[in-house]
């Protein structure tokens, strides 16, 4: 009986963990170095529900001032620019040529960026 329960529990774990493991093995694996795919922050804010959220509004204490000030939503346009080059994007989004962000440029542009955005849309 114990053996059957162990097999069932292991199977459930493998099936439920498969999508997350597979997703993290893709281009978004780079995100995982600094972000969690939950609401909990890490080095950067948690990414759960990031798509459509107002910038700088997650429960995260380490935002740079321009991100805290926000004024934009994390939609496709803003995410695409941000994950390609966050240093350039923060200047554009804030309208401040001296604006800075703690996130280094990821250079995840084009198809790689589109794959990350598609992944972020799923995190609800």
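The values are calculated or read from the model by the stated rules, or taken from the named source; none is laboratory data. Remember, predicted model here, so these are calculated numbers, not experimental data. Counting neighbours? That spans all protein chains shown, and the Cβs are built from the backbone with ideal geometry, glycine included.
Residue-by-condition table, conditions (1) surrounded by fewer than 18 Cβ atoms within 10 Å (Cβ to Cβ); (2) modelled with pLDDT of 95 or more; (3) within 13 Å of the chain's Cα centre (by Cα):
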position: 82; (1), (2), (3): no, yes, yes
position: 88; (1), (2), (3): yes, yes, no
position: 91; (1), (2), (3): yes, yes, no
position: 115; (1), (2), (3): yes, no, yes
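Is it the case that residue 59 is at pLDDT below 95, over 23 Å from residue 27 (Cβ atoms) and within 16 Å of the chain's Cα centre (by Cα)? In short, yes.
Just to be sure before I move on: is residue 43 more than 21 Å from residue 118 (Cα to Cα) and either touching a residue at least 40 places away in the same chain (Cβ under 8 Å) or not in a loop (DSSP other than H, G, I, E, B) (or both) in the structure I sent? The answer is no for residue 43.
Can you confirm whether residue 70 is closer than 20 Å to residue 28 by Cβ and touching a strand residue (DSSP E or B) at 6+ places or on another chain (Cβ under 7 Å)?
no
Residue check: is residue 56 more than 17 Å from residue 122 (Cβ to Cβ) and in contact with a helix residue (DSSP H, G or I) (Cβ under 8 Å, 6 or more places away or on another chain)? Yes, satisfied. Restricting 68, 88, 100 to those that are farther than 23 Å from residue 118 by Cβ and in a helix (DSSP H, G or I) reduces the list to 68.
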